[in-house]
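See structure below.
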Amino acid sequence: MSLENKNILISGSSRGIGYEMAKYFAEICGSMVIVCSRNIENAKKVSEFINGKTYAIELDVTNTNNINYCIADLSKKIGKIDILINNAGYRFDKELWYKNLHEIEDDRFMEIIDVDLMGSIRLSKAVITQMIKSENEHKNKRGGVIINISSTPALSGHIEGSPYTIAKSGVIGLTKHIAREYGIYNIRAYTLALGNISTDATYYSMDDKQRSRAEEETSLKRWGKPEEVAKIASHIATDDFSYSTGNTIIIDGGTIMI
Ligand SMILES: NC(=O)c1ccc[n+]([C@@H]2O[C@H](COP(=O)([O-])OP(=O)(O)OC[C@H]3O[C@@H](n4cnc5c(N)ncnc54)[C@H](OP(=O)(O)O)[C@@H]3O)[C@@H](O)[C@H]2O)c1
């Protein structure tokens with residue numbers, strides 16, 4: 001699948017990795033990118049920085065009605081979504097991150113599960129409903145690609161951030177399930193398990209000591225760049241990956257090797 005003129009929705013594309021993916025898909029791949037933020041003004045502002053085809057929407061992945069409305073509206077205005085990237089993630093909350101599992105209240109736990117895991121499930125459900133429709137019902141071809149953004153603690157475990165690890169582990173299960181259940185509809189699914197990628201939420205919120213510790217963990221001895229994630233995401237979305245689905249692709253500079 002060439003990505004030119006494909007409709008791609010990237011949740012949480014107002015900044016960080018989501019923004020870089022939006023920019024790359026629009027400017028380099030020639031796709032039509034749906035730029036999403038929980039604040040429509042923000043989504044519109046961000047879209048203006050992208051030199052390509054974009055459409056700004058207000059999307060909160062914790063809100064099923066909002067999701068269903070957006071996907072139905074997009075279907076009328078631009079057609080079905082060909083590629084979905086479930087990227088939206090709960091903000092980095094230092095206090096919660098360093099709390100022990102047994103000390104975290106259920107509702108705080110659920111806040112992260114609600115965005116990172118349930119948000120990916122909700123959006124996948126809405127988009128799959130469109131992807132499985134036949135060509136008679138839709139002008140675009142049946143099928144599509146779903147890319148879920150996870151994290152390396154979901155594979156290795158981690159001593160901190162239990163709600164995050166658990167939510168991101170569920171995301172890997174979601175990918176595998178979509179690949180199995182919807183392969184028959186020509187839907188492919190992948191997980192990108194990310195290591196340390198420099199964004200405001202990570203690199204720029206750490207002190208020098210924390211940054212160099214993260215760097216030292218990797219084989220390549222450096223942080224990853226959001227553009228490097230965007231490049232890999234764009235490759236797996238193409239037909240070059242047509243006989244590969246359900247996979248977890250690790251992007252961590254060679255820290256975890258399986
Ligand atoms: N950076 C890393 O090193 C790293 C490593 C492993 C995994 N990841 C994962 O990669 C993804 C992006 O990370 P990042 O560092 O770029 O994060 P970020 O800079 O904090 O961006 C998070 C994005 O998610 C959106 N968001 C938050 N809550 C939302 C909600 N309820 N509904 C819809 N959108 C919501 C935000 O949009 P608005 O505030 O505009 O709504 C924002 O665009 C996350 O899933 C993260 O867990 C990152």
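A few remarks follow.
- A protection proxy built from the mean count of other Cβ atoms within 10 Å ranks the segments 43-55, 7-19, most packed first, as 7-19, 43-55.
- Distance between segment 161-237 and segment 29-58 - C-alpha centres, whole angstrom: 22
- Dipole magnitude (debye, nearest 20) for the chain, charges at Cβ of Lys, Arg, Asp, Glu: 800
- Seen against the Cα atoms of the chain and their longest principal axis, helix 119-131 is set at about 20 degrees.
- Cα-only radius of gyration and Dmax that characterise the chain, units Å: 17.6, 58
- Against the compact-protein benchmark of 2.2 N^0.38 Å, the Cα-based radius of gyration of segment 161-255 scales to 1.24.
- Above-threshold pairs, the threshold being 24 Å between Cα atoms, out of LYS80/LYS125; LYS23/LYS176; LYS6/LYS45; LYS44/LYS76: LYS23/LYS176
- Computed FRET value (nearest 0.05) for LYS77 with TYR98, which takes r as the C-beta separation and R₀ as 35 Å: 0.20
All of the numbers you see were taken from the coordinates with simple rules; none came from a lab. In this text the structure is predicted, and so the values were computed from the model without any measurement. Cβ coordinates were reconstructed from backbone atoms using ideal geometry, including for glycine residues, and neighbour counts include every protein chain displayed.
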